[in-house]
Amino acid sequence: MQRIVSGMRSTGRLHLGHYLGVIQNWVKLQNEYDCYFFVADWHALTTKYDNTENLRQDVIDVVIDWLASGIDPEKSTIYVQSLVPEIAELHIYLSMVTPQNWVERDPTLKDMAKILRTKEAANSQISYGLMGYPVLMSADIMMLNSHLIPVGVDQIAHIEITRDIVRRFNNIYKTDFFNEPQPILNECSLICGLDGNKMSKSYNNDIKISDTEEVTAKKIMTAITDRSRLRRDDLGHPDQCEVAFKYWQIFGDAEQVNTVRCECEKGSRGCADCKRQLGALVNERLHDIRERRRYYEEHLDEVREIIRKGSEKTRAEAKKVLKEVRNIIGMY
Ligand code: SF4
C-alpha cells in the first residue's frame, strides 16, 4: 500500500478552512492509503519560539479536531513531530546536501516569512530555524519514505524542494533509496473567511470546529453579503454575495441553493433571515463532529494514548529509515 505523509502546524483549535480544505480529504485518503498524519510542533516553534505557553494544549486541540472530524486512529497513524527525534537527525543530513539558494527561493519559506510579518516587529526576524523550514518539511516526508503528498493546486510548488532534495541525496550517495514523492491533489472545497479574505485565526474571520452553535450563528450574521443591497426587498445578486452565498453553495444541497438564489434575485429574501438559516444549516452539518469533539475532550487519556501509540509506531519506522541513511552516507 502506498504511503502518504501530511501534517499541520500546531496552531490550536482548527477552523472550517482546515476541515473542508484538508481534513475531509484526509478522511477519504485513509481508506485507500497507508496514512501518517502529524502535528508539526517544531514547525510551529519556528515562528512561535517566544510564545510557547500553549504549545502542548495546541497539539491536543489539533488532534481532538482531527479525531472529531473523522480521522480514524485504526486506519491512520497520528503522531507528534517532536516525539520522533529521528526527524531532527535526518534534517541535519539533508541540510548538508541542500544548497542555500534552494532554501531562499522556496515558497514555503516565503509563506512563513509572511506569517512572521504579522507579528510584532521586534520578533519578526527570520531565525536560522525558520530558514531551515523547507528542509525540515522535506525531512518529515522523507523520514517515512513517503510515496505521495496531498497538496492543494496552489501548493504543488511547495513540495518541489523535497523532490529536488531526494534527487540530490540519491545522486550524491549513488543510491535510489529515497522515493521521489508525487503530489496527490486535494479534492476539497475552499472556504473564505467571514470578511471574504482567506480564513485564518490571525485575521479573526474564522469559524472554529469547536465553536458553540450560538457562537457559530452569531459569527455567520457578520458574513459579507451583496454590498449593493440596501433594503430587504432590493433585488439581490447572489453571485456578488461574497461570503454568505458561497457558504450556501458549500453547505447546502442543490435545491436549497436554488431556492436561495431565486428568492434573493426576486428580492423576497432578506439577508438577515438568509444568514440565520445559513447558521442553522452550518450547525446541523457540524453537529456530529462537535458531539465527537465533546467526547474526546472528556476522554483526554484516550487522545494521549492515540498520540503515544502513533508516535511510537512512527518512530519504529523512522529508525529503520535512519539506519539505512546513516549506512548510505557512511556515518560511524
Ligand atoms: S439574501 Fe442571502 S444570498 Fe442574497 S445577498 Fe442576502 S445573504 Fe446573500
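By average Cβ neighbour count within 10 Å, what is the ranking of 42-52, 259-269, 2-12 from highest down?
Numbers: 42-52: 18.5, 259-269: 16.4, 2-12: 20.9.
In descending order of packing, they fall as 2-12, 42-52, 259-269.
Where does the chain land on Rg/Rh, using Cα atoms and the Kirkwood Rh?
A ratio of 1.02.
If we count other beta carbons within 10 Å of each Cβ, what is the order of Leu29, Leu281, Leu230, Leu185, fewest first?
By the 10 Å Cβ count, ascending, the order reads Leu230, Leu185, Leu281, Leu29.
Using only Cα atoms and rounding to the nearest 10 degrees, what angle (0 to 90) does helix 160-172 make with the longest principal axis of the chain?
The angle comes out at about 10 degrees.
Enter the angle in degrees (range 0 to 90, nearest 10) between the Cα long axis of helix 271-298 and the first principal axis of the Cα atoms of the chain, meaning the one along which they spread out most.
Between the helix axis and the principal axis of the chain, the angle is about 40 degrees.
Each label point is 7 Å from the Cα along the Cα-to-Cβ direction; what then is the distance between the points at Leu300 and Tyr128, in nm?
Roughly 3.5 nm, to one decimal.
Once you put a point 7 Å from the Cα of Arg168 and another 7 Å from the Cα of Met331, both along the Cβ direction, what distance in nm separates them?
Those two pseudo-labels are separated by 1.9 nm.
If I take R0 = 30 Å and measure r between the Cβ atoms of Met221 and Asn51 in this structure, what FRET efficiency does the formula 1/(1 + (r/R0)^6) give, to the nearest 0.05? Display every interim value, and only then the final one.
Working: r = 32 Å, r/R0 = 1.05.
After rounding to 0.05, the efficiency reads 0.45.
Once you've got the Cα coordinates, tell me which of Lys110/Lys320; Lys48/Lys323; Lys28/Lys48; Lys48/Lys201 are over 26 Å apart.
On the way: Lys110/Lys320 33 Å; Lys48/Lys323 32 Å; Lys28/Lys48 31 Å; Lys48/Lys201 15 Å.
Check vs 26 Å cut-off fails for Lys110/Lys320; Lys48/Lys323; Lys28/Lys48.
Name the aspartates and glutamates eligible as straight-distance cross-link partners of Lys313: C-alpha to C-alpha under 20 Å, and not fewer than 8 places from it in the same chain.
Within the straight-line cut-off, Lys313 pairs with Glu32, Asp34, Asp41, Asp72, Glu74, Glu86, Glu89, Asp140, Asp301, Glu302, Glu305, Glu324.
Compute the normalised compactness of region 211-292: alpha-carbon radius of gyration over 2.2 N^0.38 Å, N being the residue count. Can you show the working numbers first?
Details: Rg = 12.7 Å, N = 82, 2.2 N^0.38 = 11.7 Å.
Rg over 2.2 N^0.38 Å, computed on Cα atoms: 1.08.
None of the figures in this text is laboratory data; all of them are computed from the coordinates on show. A quick note: this is a predicted structure, and the numbers were derived from the prediction, not measured. Here the Cβ is made from the backbone with ideal geometry for all residues, glycine too, and neighbour counts use every protein chain on show.
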